[in-house]
Amino acid sequence: MGDGAPILEIKGITKQFGKLLAVNNVSLDIVDGEFFTIVGPSGSGKTTLLRMLAGLEKPSGGDVVLRGNVVNDVPANKRPTCMVFQSLALFNHRTVGQNIEFSLKMRGVSRAERKVRAMELMKTVRLPEDYYAKGVTKCSGGERQRVALARALASDPDIMFFDEPLSAIDYQLRKHLEVELKDLHRETGKTFMYITHSLEEAMVMSDRIGIMQAGHLIQVGTPDEIYSRPLNKFVSEFMGEVNTLGVKRSADGKFECAELSAQLAGPAQAGNSDTGYLVIRPESMRFLSDPSEADNHVKGSLFNEYAMGSRVQYHVRAGGYMLVVEKLREQAYQGKIDDDVIIGWDVKDSVLVSD
Ligand code: ATP
């Protein structure tokens, strides 16, 4: 990351479509050189926000400040930024080289110079040299993704905006490209702003993540902060499978959990609210041979188990709740379905969140 100075300041930005506030008073500073990802479910306003930052949409209120200058009225093609779309928007009847060189040609760069630069960029995005003359329609999905990246980099933008560029790509290749994109960010030192509905994807790549819900930016933090201290139930559940136990604080400081018919110990710094949710990640849950082995324990029965590569996930029925437990394969539970089991966790591995 850069020296901490914001390259982009988003100041109370709003976008209204008729009665709908698609983006509602969002403020955020983006640090020069960081990889910032906006995550949220469909319809939360991610694309609209990014389009306003890229100059493809005008804000209804607020300011977009780029390197100290308000750019609200500057059109996309006059900004030192560039957008990589989900659809990639490549010129299908052109070659890889012609696609990459497009912005250079527009700027009047000579044919020879363009080719040199295109070759350099193909190397950066790991496309073989002989792809220069290949038609883009003859490239695979992953290769087309690389062409789009090289084409975006060719205009040497200060900020690259990414609108779910990997969402149409199959899982294996997507995982691979996430790593490549993070490496590309490191190699180029540019500011990347990325949107996705997958918090998992955001976690892999980003320096910081912003969570959007119904037009609001509700939490901003490093992946670690978001993971370990989710703001509310929405954020915690957005991170994939977690145990979210509805609780009510009792007079002695313990938490009553009706679903489990249990009294649980929870974090002391638990905020002001007397009701909320204790969130415990599946990997923080343990199979106990004795209740005293953890701060909290719950009795249940093993409903099913699922092999997930290096991990095994278990569903344990306890009271009216299905607890999710995850273990490394070498620490797998040695037993069978329908076993009576005791599941436990420590207070330090739980977070109390609001609704
Ligand atoms: P997705 O992940 O599905 O792309 P998103 O978080 O990017 O969703 P947006 O595309 O920003 O969400 O849309 C936010 C809200 O604004 C949605 O309710 C959408 O229907 C609405 N919206 C977006 N663009 C327009 C438009 N041009 N006119 C009217 N409503 C719009």
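The values are calculated or read from the model by the stated rules, or taken from the named source; none is laboratory data. Computed from a predicted structure; not experimentally measured. All Cβ positions, glycine included, derive from the backbone under ideal geometry; neighbour counts span all protein chains shown. Calculation scope for accessible area: heavy atoms of the full protein, side chains included, ligands and nucleic acids excluded. Shrake-Rupley method; radii C 1.70, N 1.55, O 1.52, S 1.80 Å.
Are any of the residues in the stretch 266-273 under 28 Å from the mean Cα position of the chain (by Cα) and not in a loop (DSSP other than H, G, I, E, B)? So far as the stretch 266-273 goes, no, none of its residues is under 28 Å from the mean Cα position of the chain (by Cα) and not in a loop (DSSP other than H, G, I, E, B).
Conditions tested, residue by residue: (1) assigned by TED's automatic domain parsing to the domain that holds Gly253; (2) hydroxyl-bearing (Ser, Thr, Tyr); (3) touching a Cys at 6+ places or on another chain (Cβ under 7 Å); (4) open to solvent by less than 10 Å² (accessible area, probe 1.4 Å).
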residue	(1), (2), (3), (4)
Ser284	yes, yes, no, no
Leu288	yes, no, no, no
Ser292	yes, yes, no, no
Asn296	yes, no, no, yes
Glu305	yes, no, no, no
Gly320	yes, no, no, no
Glu330	yes, no, no, no
Asp339	yes, no, no, no
Trp345	yes, no, no, yes
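Within the stretch 201-209, at least one residue is of a type in the set (Asp, Glu), in contact with a Phe, Trp or Tyr (Cβ under 9 Å, 6 or more places away or on another chain), within 17 Å of Phe85 (Cα to Cα) and in a helix (DSSP H, G or I).
Among the residues of the stretch 27-54, those identified as assigned to a loop (DSSP other than H, G, I, E, B) and open to solvent by less than 20 Å² (accessible area, probe 1.4 Å) are Gly33, Glu34, Gly40, Ser44, Gly45. Within the stretch 129-154, the set of residues being open to solvent by 40 Å² or more (accessible area, probe 1.4 Å) and hydroxyl-bearing (Ser, Thr, Tyr) comprises Tyr132, Thr137, Ser140.
Can you find, within the stretch 4-26, the residue that is farthest from the ligand (Cβ to nearest atom) among those that are aliphatic (A, V, I, L, M) and open to solvent by 10 Å² or more (accessible area, probe 1.4 Å)?
Ranking the qualifying residues of the stretch 4-26, first place goes to Ala5.
Here is a yes/no grid of residues against (1) within 32 Å of the chain's Cα centre (by Cα); (2) within 30 Å of Thr196 (Cα to Cα); (3) not hydroxyl-bearing (Ser, Thr, Tyr):
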{"position": "Arg229", "(1), (2), (3)": "yes, yes, yes"}
{"position": "Met239", "(1), (2), (3)": "yes, yes, yes"}
{"position": "Ser250", "(1), (2), (3)": "no, no, no"}
{"position": "Glu256", "(1), (2), (3)": "no, no, yes"}
{"position": "Leu278", "(1), (2), (3)": "yes, yes, yes"}
{"position": "Pro282", "(1), (2), (3)": "yes, yes, yes"}
{"position": "Pro291", "(1), (2), (3)": "no, no, yes"}
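Screening Gly62 against (1) modelled with pLDDT of 90 or more; (2) open to solvent by 20 Å² or more (accessible area, probe 1.4 Å); (3) of a type outside the set (Ser, Thr, Tyr); (4) out of contact with any Lys or Arg (no Cβ under 7 Å at 6 or more places or on another chain) leaves a single unmet condition, (4).
Look at the stretch 35-48: where a residue is assigned by TED's automatic domain parsing to the domain that holds Phe162 and within 6 Å of the ligand (Cβ to nearest atom) and a partner is open to solvent by 20 Å² or more (accessible area, probe 1.4 Å) and outside any strand (DSSP E or B), sitting 6+ places away or on another chain with Cβ atoms under 7 Å, you get Gly40/His197; Ser42/His197; Ser44/Ala214; Thr48/Glu57.
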